[in-house]
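As structure tokens, the structure follows; a few thoughts come after it.
The values are calculated or read from the model by the stated rules, or taken from the named source; none is laboratory data. For clarity, every value in this text was computed on a predicted model and none was experimentally measured. We place every Cβ from the backbone using ideal geometry, glycine too, and count neighbours over all the protein chains shown.
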Amino acid sequence: MVIAYHLVLSAYGFWLPNDPRGSWSEWVRKWELALYGPATKVDTRQSVAHVRHDRALREAAKQALAYRPVRFTPEQIVVIAQGFRNYIAKSDVTFWAVAILDDHLHAVFMRHRYKSEQVANLRKGELTKALIDAGLHPFAAFAKPGEAPPPCFSRKWWIVYIDDVDHLGQAIRYTNANLGKEGKEPQTWDFVVPYPLTFAEWRAQQSV
């Protein structure tokens, strides 16, 4: 039985639909990008980030994007964290690990009454709203009058199903180690709950 999920959400331009390592996409929408190959959809629930691939081809394909790949600033990362808080306040979803990097993020969360796809989609909406409300959306300059800016996150995401505590521990450790692997300082977010507490249990402790 699934007990938790490890979700990876990419910023725009980080993981292309025709990435040589594989993707979650079934087609390439932009013809200029399709010149670098068809969609590389895979069915595995394991990460393919470390699969050997043609790095030069991947970087060349990014030149065909409509906008430059997003790299979140430290200020934007703080706002994205606020988006997490806003979402958790509405949903009570328990997050046991969150790492917000400049071009993607990792989150490990407990199985909830909402489906994992709902959690991923609604949370992405809250992160986007937080950036817009703060005036820090990366593509704010490209927004048409009366419309939202172009998406700064990928349309889809990667979700790994976790069905035992050993796998859960691995996912939490992997997420927490991501920042160090990129030479960045650890992040301590006040909305991340220590495993094995649920969000409700953790919140009850804070009020004592």
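Observations
- The single condition among (1) surrounded by 13 or more Cβ atoms within 10 Å (Cβ to Cβ); (2) in a helix (DSSP H, G or I); (3) at pLDDT below 95 that GLY180 does not meet is (1).
Each row is one residue, and each column tells you yes or no for (1) hydroxyl-bearing (Ser, Thr, Tyr); (2) at pLDDT 70 or above.
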{"residue": "GLY22", "(1), (2)": "no, no"}
{"residue": "GLN46", "(1), (2)": "no, no"}
{"residue": "GLN63", "(1), (2)": "no, yes"}
{"residue": "ILE80", "(1), (2)": "no, yes"}
{"residue": "PHE84", "(1), (2)": "no, yes"}
{"residue": "THR94", "(1), (2)": "yes, yes"}
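- Selection of the stretch 143-177 for residues being among the aliphatic types (A, V, I, L, M), assigned to a loop (DSSP other than H, G, I, E, B) and without any contact (Cβ under 8 Å) to a residue 12 or more places away in the chain yields only ALA143.
- Residues of the stretch 68-84 that turn out to be in a helix (DSSP H, G or I) and surrounded by 14 or more Cβ atoms within 10 Å (Cβ to Cβ), as a count: 9
- Test: ALA204 is part of a helix (DSSP H, G or I), more than 21 Å from GLN82 (Cα to Cα) and not hydroxyl-bearing (Ser, Thr, Tyr): no
- Leading residue by the ranking (nearest to ILE80 (Cα to Cα)) among those in the stretch 116-165 that are of a type in the set (Ser, Thr, Tyr) and surrounded by 15 or more Cβ atoms within 10 Å (Cβ to Cβ): THR128
- Long-range neighbours under 8 Å by Cβ, at least six apart or interchain, first residue outside any strand (DSSP E or B) within the stretch 1-16, second surrounded by fewer than 22 Cβ atoms within 10 Å (Cβ to Cβ) and among the acidic types (Asp, Glu): MET1/ASP163; VAL2/ASP163; ILE3/ASP163; ILE3/ASP164; GLY13/ASP103; PHE14/ASP103
- The number of residues in the stretch 85-106 being farther than 27 Å from GLU59 by Cβ, in a strand (DSSP E or B) and not aromatic (Phe, Trp, Tyr) comes to 2.
- Members of the stretch 191-208 that are within 18 Å of the chain's Cα centre (by Cα) and surrounded by fewer than 17 Cβ atoms within 10 Å (Cβ to Cβ): none
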